[in-house]
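Report on the following structure.
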Amino acid sequence: MVTMSDCRRRLGPGVEFYCEKFHAPEGVQMALWGPSGCGKSTMLNLITGLLRPDAGRIEVDGTETTKLRSGQLDRFRGERFGFIFQTFNLLGPFTALQNVMLGMRFADTRPPGEWRPHAKELLERVGLAHRMHSRPTTMSVGERQRVAIARALANKQRIVVADEPTGSLDPKTSKAVMDLLLELCAEEKLTLLLVTHDAGIAERLPEQFDCTGLAREVQS
């Protein structure tokens with residue numbers, strides 16, 4: 001599903017990301033874990049095409065993304081990846097329902113007639129049937145992250161990428177959100193790549209990839 005080979009990316013003066021080899025098979029739930037600054041978020045950004053490597057090869061779902069032009073890569077990212085962020089990245093003026101629907105509009109993988117009923121179904125699945133018409137500013141952090149999970153699952157994407165999705169949550173809410181995320185990805189047979197610095201969170205996933213040392217000092 002996702003492979004990286006000899007990938008390099010200059011991060012700044014004297015610092016380089018380098019991954020010799022990485023493979024995540026289809027349907028795996030894998031933690032990319034390690035201390036802050038080790039390169040795990042850079043790795044996720046390279047896999048999703050938000051960053052391009054200076055050298056090396058990345059293949060996602062049978063497509064060598066390092067060969068795609070910018071517009072092709074943007075479309076590919078929208079079709080293949082669902083994103084969950086630590087800071088939720090919800091649009092404040094819009095309701096939970098509208099946030100999920102907007103995710104479908106921008107990805108353009110479902111006909112418009114499906115947006116509203118599918119968004120309602122997803123919000124029901126994440127336990128927010130009673131909060132569909134609430135705005136993010138009136139919701140708890142746990143509820144906002146549930147909206148973000150619903151949005152990430154809205155477009156038939158085969159890969160969910162989550163960058164420190166529980167970093168803003170208290171331990172009880174963190175466990176509930178992780179339970180939900182793992183359950184939904186297992187039900188839908190989705191590949192999950194989750195970045196975390198927390199070994200306890202990493203151990204909850206069946207597979208772990210230690211990112212320690214991927215960002216390293218080099219001679220300028």
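The values are calculated or read from the model by the stated rules, or taken from the named source; none is laboratory data. These numbers come from a predicted model, not from an experiment. Every residue, glycine among them, receives a Cβ derived from its backbone with ideal geometry; neighbour counts consider all protein chains shown.
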Q: Check 57, 10, 52, 69 and return the single one that is touching a Phe, Trp or Tyr at 6+ places or on another chain (Cβ under 9 Å) and of a type outside the set (A, V, I, L, M).
A: 10
**Q.** Residues (on the phi < 0 side of the Ramachandran plot, in contact with a strand residue (DSSP E or B) (Cβ under 9 Å, 6 or more places away or on another chain), surrounded by fewer than 17 Cβ atoms within 10 Å (Cβ to Cβ) and not in a strand (DSSP E or B)) located in the stretch 13-34
**A.** 25, 26
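Residue-wise test of (1) closer than 15 Å to residue 136 by Cα; (2) surrounded by fewer than 21 Cβ atoms within 10 Å (Cβ to Cβ).
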| position | (1), (2) |
| --- | --- |
| 79 | no, yes |
| 85 | yes, yes |
| 96 | yes, no |
| 99 | yes, no |
| 105 | no, yes |
Q) Is the stretch 143-156 home to any residue that is more than 18 Å from the chain's Cα centre (by Cα) and not charged (D, E, K, R)? A) no
(Q) Step by step: first the residues of the stretch 63-77, then only those that are assigned to a helix (DSSP H, G or I) and surrounded by fewer than 16 Cβ atoms within 10 Å (Cβ to Cβ), then the one that is modelled with the lowest pLDDT. Which residue is that? (A) 75
Q. If residue 109 satisfies every condition in (1) surrounded by fewer than 19 Cβ atoms within 10 Å (Cβ to Cβ); (2) touching a His at 6+ places or on another chain (Cβ under 9 Å) but one, which is the exception?
A. (2)
Q.
With the requirement that a residue be among the aliphatic types (A, V, I, L, M), touching a strand residue (DSSP E or B) at 6+ places or on another chain (Cβ under 9 Å) and part of a loop (DSSP other than H, G, I, E, B), what does the stretch 168-218 give you?
A. 190, 205, 214, 218
Q: Please enumerate the residues belonging to the stretch 152-175 that are surrounded by 19 or more Cβ atoms within 10 Å (Cβ to Cβ) and touching an Asp or Glu at 6+ places or on another chain (Cβ under 8 Å).
A: 153, 155, 157, 159, 166
